[in-house]
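Right, one structure below, let's go through it.
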Amino acid sequence: MEIKFQNYELLLRHKFGISYHSRLSTPAVIIKLNQGEYEGYGEASLPPYLGETQDSVISFLNRIKLRDITSFNDLIDLSKEINSVSINDYAAKASINIAMHDLYGKISNQSCYALYGIEKSPLLFTSYTIGIDSPEMIIKKIEEAKSYKILKIKLGTENDRKILELIRECTDKPLYVDANQGWKDKYSAQEFVNYLAENNVLLVEQPFPINNYEDSAWLSERSPLPIIADESIQTIRDIDWAKNCFTGINIKLMKCGGITEAYKMIKKGREANLKIMLGCMTESSCAISAAIQLSALVDYADLDGNLLILNDPFTCNTVKDGQLKLPDGNGLGIIPDKNKLTI
Ligand code: MG
């Protein structure tokens, strides 16, 4: 098995604003594996908060030992060996794991979801993210999101109630609210969550800072809405404590290390009675398609990363009228755009 990789900057359609940060692009590394006549693509997306960079991904990729895979068990074994190379580097690990799935799906003439025994069925509606922005831009983005059935609203500001009121003047669609750690006081959070529940909001993500377990548990106990951990949890190891603090968890391939780890987290999360959301970073259709392979197993899907970028280096229809769809074709079902990729 051979590997090639290329740095790639994912350019956002709009400035991406959350409670503590905003940006216009997200660095990524696209990788390609070759085995015989087959090729498989993977992606590491690198939002600043996870601490990985294009250089750290490439340094990781240069340290791993690859070999041909001839069965799904081989893929799982090789993934384990690669994961043992370092204790962090989860986006780098995800890129290899995703690419191996694309590759082995093609070798074995099947889609990735079939490798996990998942049957083809109608999928969830994905939420479409409206970042923090000026009132004019929020209205414009809601208009652009016409075909999506659920919107995910970024809050965690001084003006949360005003933003919600503005949104409710434009649409009565169901909403997910993501506070991105922006709420400070548990009592006002509780009051606001009650208000959200009366306004067709379906869940709240990451109300408090990462390590504020106490207030998260306090709010989860009292909230009429599921309280979902995002930044607070990363890998399967976090589930044991997260089940005592949150109603659910947001699993992302870039946080946990890829499809195999996400699958294990879904199973363990279910055993712990947690609601499961499958989310994403700013990602191309490569990593989004990888997550969609598991989306039949979860309660909520927030897989809109590829819809928010201008220069997707892959073609793949991941969504129709707001509903996720399993891509056709073997592996991930993605088609590389050779005009954008050099590998
Ligand atoms: Mg989030």
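Laboratory data are not the source of any read-out in this text; all were calculated from the coordinates shown. Not measured: the values here are computed from a predicted model. Every residue, glycine as well, gets a Cβ built from its backbone with ideal geometry; the counts of neighbours run over all protein chains shown.
A compact table of results
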item	result
Cα-based helix-to-principal-axis angle, 135-144 vs the chain, degrees rounded to 10	50 degrees
Estimated inter-spin distance, Asn159 and Arg222, nm [label 7 Å along Cα→Cβ]	2.8 nm
Centre separation in Å (Cα based) which lies between segment 101-153 and segment 295-343	8 Å
The chain: angle of helix 186-197 to the longest principal axis, Cα-based, in degrees nearest 10	80 degrees
Gain on full stretching of the segment that runs from Asp328 to Leu341 - 0.36 nm per residue minus C-alpha separation	2.5 nm
Of Pro226, Pro48, Pro313, the one that fluctuates the most in a GNM where the chain has Cα springs shorter than 10 Å	Pro48
Distance in nm between pseudo-label sites at Ser84 and Asn194 (7 Å out along the Cβ direction from Cα)	5.4 nm
At R0 = 22 Å, FRET efficiency that the Cβ-Cβ distance of Asn317 and Glu2 yields, to 0.05	0.15
Share of alpha-carbon pairs per 5 Å distance bin for segment 171-215, given as whole %	5, 22, 30, 23, 12, 5, 2
Distance from segment 236-254 to segment 158-180 (C-alpha centre basis), Å	25 Å
Distance in nm between pseudo-label sites at Glu143 and Asp185 (7 Å out along the Cβ direction from Cα)	3.7 nm
Hydrodynamic radius by Kirkwood, which averages 1/r over all alpha carbon pairs of segment 2-113, in angstrom	14.9 Å
Given Lys149/Lys267; Lys80/Lys268; Lys146/Lys275; Lys243/Lys325; Lys152/Lys275; Lys154/Lys186, the pairs whose alpha carbons are separated by over 24 Å	Lys149/Lys267; Lys146/Lys275; Lys243/Lys325
Rounded to 10°, Cα long-axis angle of helix 213-222 versus longest principal axis of the chain	60 degrees
nm² value of the averaged projected area, convex hull over the Cα atoms of segment 184-246	3.9 nm²
Segment 253-343 - percent relative contact order, Cα under 8 Å, separation 6 or more	25 percent
P(r), alpha carbons of segment 127-336 - 5 Å bins starting at zero, rounded %	1, 7, 16, 19, 19, 17, 12, 6, 2, 0, 0
Spread of Cα-to-Cα distances over 5 Å intervals beginning at zero, given as percent, for segment 88-245	2, 8, 15, 16, 15, 15, 12, 10, 6, 2, 0
Kirkwood Rh, Cα atoms: Rg over Rh of segment 62-140	1.17
Percent RCO, i.e. relative contact order, over segment 1-123, from Cα pairs under 8 Å lying at least 6 residues apart	26 percent
GNM flexibility winner over the chain from Ala179, Ala145, Ala229 (Cα, springs under 10 Å)	Ala145
Relative contact order %, the chain, counting alpha carbon pairs below 8 Å whose residues are six or more apart	20 percent
Choice from Gly42, Gly258, Gly131 showing the highest fluctuation, given a GNM over the chain with Cα pairs closer than 10 Å	Gly131
Amide hydrogen neighbours beyond the local backbone of Ala301, cut-off 5 Å, H modeled	Ser127, Leu278
Distant alpha-carbon pairs in segment 208-296 (separation over 19 angstrom), percent	35 percent
Stretchable slack from Leu202 to Ser22, in nm (0.36 nm times residue separation minus alpha-carbon distance)	62.3 nm
